[in-house]
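A.B. asks: First the structure, which I've put down as structure tokens, then a few questions once you've had a look.
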Amino acid sequence: MIAPIEYILLTYLVIAAVAICAARNLLASIIIFTSFSVVVSVLWILLSSPDLAITEAAVGTGISSILFFVVLKRIRVMEEEHRQQEKQS
């Protein structure tokens with residue numbers, strides 16, 4: 001039998017997935033994705049699968065989020081460089 005907390009977490013996952021697709025702001029998408037990964041890790045724990053939970057926490061929440069933030073920073077730096085080049089032209 002599925003516990004009420006599992007229904008709540010699964011509902012959150014569906015809402016977060018839709019929100020990620022609908023978000024216009026990249027930073028908001030990254031933050032929602034990070035919370036999505038945390039909830040998936042919790043669900044793996046509830047399903048008695050600690051090895052998958054640790055992997056999801058390390059890769060999904062940790063490494064992927066860091067890489068997304070680095071790419072977002074790089075995109076903003078590139079946009080700023082592009083604006084400066086346009087001003088000089």
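Read the figures in this text as sums done on the coordinates, not as results from a lab. Only a predicted model underlies this, so the values are computations on that prediction, with no experimental measurement involved. Heads up, the Cβs are rebuilt from the backbone with ideal geometry, glycines too, and the neighbour counts pull from every protein chain shown.
A.B. asks: Look at Ala3 and say whether it is small (Gly, Ala, Ser) and touching a residue at least 40 places away in the same chain (Cβ under 8 Å).
C.D. replies: Here the answer is yes, as Ala3 does meet what is asked.
A.B. asks: Go through region 1-11 residue by residue and tally those that are exposed (fewer than 12 other Cβ atoms within 10 Å of the Cβ) and in a helix (DSSP H, G or I).
C.D. replies: Counting residues in region 1-11 that are exposed (fewer than 12 other Cβ atoms within 10 Å of the Cβ) and in a helix (DSSP H, G or I) gives 5.
A.B. asks: Answer yes if at least one residue in region 45-68 is surrounded by 15 or more Cβ atoms within 10 Å (Cβ to Cβ), more than 25 Å from Pro4 (Cβ to Cβ) and hydrophobic (A, V, I, L, M, F, W, C), and no otherwise.
C.D. replies: Yes; the residues of region 45-68 include at least one that is surrounded by 15 or more Cβ atoms within 10 Å (Cβ to Cβ), more than 25 Å from Pro4 (Cβ to Cβ) and hydrophobic (A, V, I, L, M, F, W, C).
A.B. asks: For region 29-60, which positions are more than 9 Å from the chain's Cα centre (by Cα) and in contact (Cβ under 8 Å) with a residue 24 or more places away in the chain?
C.D. replies: Val39, Val40, Val42, Leu43, Leu46
A.B. asks: Next question, about the same structure. Confirm whether Phe33 is over 30 Å from Ala3 (Cα atoms) and surrounded by 15 or more Cβ atoms within 10 Å (Cβ to Cβ).
C.D. replies: For Phe33, the condition - over 30 Å from Ala3 (Cα atoms) and surrounded by 15 or more Cβ atoms within 10 Å (Cβ to Cβ) - is not met.
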